[in-house]
């Protein structure tokens, strides 16, 4: 095994460890929460400004989110599937 292969394997292991840590975090920052929801940070920030989504500001500046709150928000905002959806229809949320 050459140096490049070892380096590549270490990078993959590091990414897997980071993914596991992220999956187990209960409190997420803005970037992590946006990543979990698959939305832009700006979109998430707008949701906090409109007080549409639960967030915490313990230091008065940093915005934090509980993973469970985010998942519950997604579930509350689920859209029911329609059996008569037009094939050309585009969903804009």
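Could you tell me the ratio Rg/Rh of region 25-76? Both radii from Cα atoms, Rh via Kirkwood.
Details: Rg = 9.9 Å, Rh = 10.8 Å.
Ratio of gyration radius to Kirkwood radius: 0.91.
In nm, to one decimal, how far is the modelled label at residue 18 from the one at residue 69, with both set 7 Å along Cα→Cβ?
2.6
Read-outs throughout are calculated quantities, based only on the coordinates presented, and are distinct from any laboratory measurement. The shown structure was predicted, so the numbers you read here are calculated from the model rather than taken from an experiment. Using ideal geometry, Cβ is built from the backbone for each residue, glycine included, and neighbour counts are taken over all protein chains shown.
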